[in-house]
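What follows is a set of notes on a single structure, which appears directly below.
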Amino acid sequence: MMRGDYKKLEPTAKIFVTGSAGFIGYHLVKALLDYGCHVVGIDNMNDYYDVSLKETRLGLLTNHDRFRFFQKDLTDRQALEQIFQDEKPDIVVNLAAQAGVRYSIDFPDTYIQSNIVGFYNVLECCRHYPVRHLVYASSSSVYGSNKKIPFSTDDQTDRPVSLYAATKKSNELMAYCYSKLYGISVTGLRFFTVYGPMGRPDMAYFKFAEKILRGEPIQVYNNGDMKRDFTYVDDIVKGVINILPNVPLEKDGARYKVYNIGNNRPVKLADFIETLEHCLGKTAKKEFLPMQPGDVYQTYADIQDLVDDFEFRPDTPIEEGMRRFTDWFLSYR
Ligand SMILES: NC(=O)c1ccc[n+]([C@@H]2O[C@H](COP(=O)([O-])OP(=O)(O)OC[C@H]3O[C@@H](n4cnc5c(N)ncnc54)[C@H](O)[C@@H]3O)[C@@H](O)[C@H]2O)c1
């Protein structure tokens with residue numbers, strides 16, 4: 001695709017978003033409804049983190065007359081097929097997954113069920129009930145402990161350091177295969193540490209905010225010497241909406257592409273904690289710990305493809321995004 005020849009999403013499109021009660025899913029569904037689209041959502045409302053937060057997000061969407069929600073599990077193939085058959089979505093965005101790197105070390109089963117079996121069911125449904133475009137969430141964690149920065153989609157990604165990363169890489173391989181064999185147009189998106197209002201309570205920034213306010217020590221790994229390409233959720237949503245109507249060009253018999261979506265400005269963990277302290281108006285007590293299994297030293301997205309194909313780059317500075325998160329967080333508490 002050449003610069004400038006990308007399409008804009010038609011507001012009449014019907015989009016099926018899996019994981020719609022999740023953090024990114026909620027923000028995406030809300031933006032799509034505001035845009036005028038019809039949206040179908042599915043989520044199993046699992047209790048990996050506080051279900052009431054998922055219910056709160058969902059409650060802000062379900063009164064919309066262009067939104068239909070199904071509380072179902074991706075591993076329930078029959079239920080999923082029924083939704084595809086009845087709703088006939090134009091585009092599918094697969095965000096439902098068991099997220100979290102550390103949790104995958106102790107609880108691998110749910111990753112295989114949701115991320116592998118669940119994703120396979122989505123692919124099978126797209127094969128039997130064709131859609132214009134399948135867009136799915138991958139992750140920066142597929143880069144493992146790669147040293148070369150920034151991380152490019154041309155880099156090696158076959159050395160995952162967590163089962164979570166391995167399932168996300170598997171999704172990319174499965175999606176390529178389905179594109180090649182069954183002519184499905186598929187785009188994979190490697191998200192880089194997404195944060196923002198209504199965010200995930202299992203993520204470090206959320207836990208830090210909670211502990212700082214309670215006056216409890218926060219666990220700082222590798223002495224704060226780590227870097228993350230923190231990406232504000234609205235930038236992720238804008239990126240996804242740009243990509244939805246644009247199927248990849250055919251290459252070697254497959255319409256398949258993977259993009260990084262990251263802020264492209266990695267922030268040191270120590271600086272990030274300082275920003276959070278500033279936004280909360282309180283200093284953190286810190287407990288310094290060694291690097292944890294499954295953790296990577298840094299993430300840094302090369303987003304040149306995104307810029308070339310869509311003239312789009314995430315641009316929310318960490319100070320501004322963190323302020324919006326803490327404003328929400330303080331009222332939510
Ligand atoms: N937030 C990030 O920093 C980040 C970074 C990289 C990739 N991702 C990926 O982006 C996607 C969305 O992440 P998020 O941060 O919104 O996470 P989230 O956990 O808030 O959202 C995922 C949603 O999917 C639902 N779900 C999980 N398994 C399901 C199943 N089997 N059937 C139906 N619903 C199921 C969960 O209940 C949850 O509401 C995930 O695929 C995640 O792996 C997120």
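Points worth noting:
- Loop-located GluC sites (Glu not before Pro) in the stretch 266-333 (DSSP state other than H, G, I, E, B) with a sparse environment of at most 13 neighbouring Cβ atoms within 10 Å: Glu311.
- Relative to its Kirkwood radius, the Cα radius of gyration of the stretch 244-284 gives an Rg/Rh of 1.39.
- Computed from the Cα positions only, the extents of the chain along the three principal axes stand at 54, 44, 41 Å, in decreasing order.
- Dipole magnitude (debye, nearest 20) for the chain, charges at Cβ of Lys, Arg, Asp, Glu: 100 debye
- Dipole of the stretch 219-333, positive end: most advanced residue of Phe325, Leu249, Leu306 [Cβ charges, Cα centre]: Phe325
- Each of Leu289, Thr275, Val258 was placed along the dipole of the stretch 256-301 (beta-carbon charges, centred on the mean Cα), and the one lying farthest toward the positive end is Val258.
- For Arg214, net neighbour charge (Lys/Arg +1, Asp/Glu -1) across residues whose Cβ lies under 11 Å away: +3
- Hydrophobic, long helices, defined as DSSP H runs whose alpha-carbon span along the helix axis is 18 Å or greater and whose mean Kyte-Doolittle value is at least -0.5, occur in the chain at 23-35, 163-182.
- Farthest positive-ward along the stretch 86-156 dipole, Cα basis, beta-carbon charges - from Phe107, Cys126, Gly144: Gly144
Where a number appears in this text, it was derived from the coordinates with a stated rule and is not lab data. Bear in mind that the values here come from a model prediction, so they are computed numbers and not experimental data. Cβ atoms come from the backbone with ideal geometry, glycine included; neighbour counts cover every protein chain shown.
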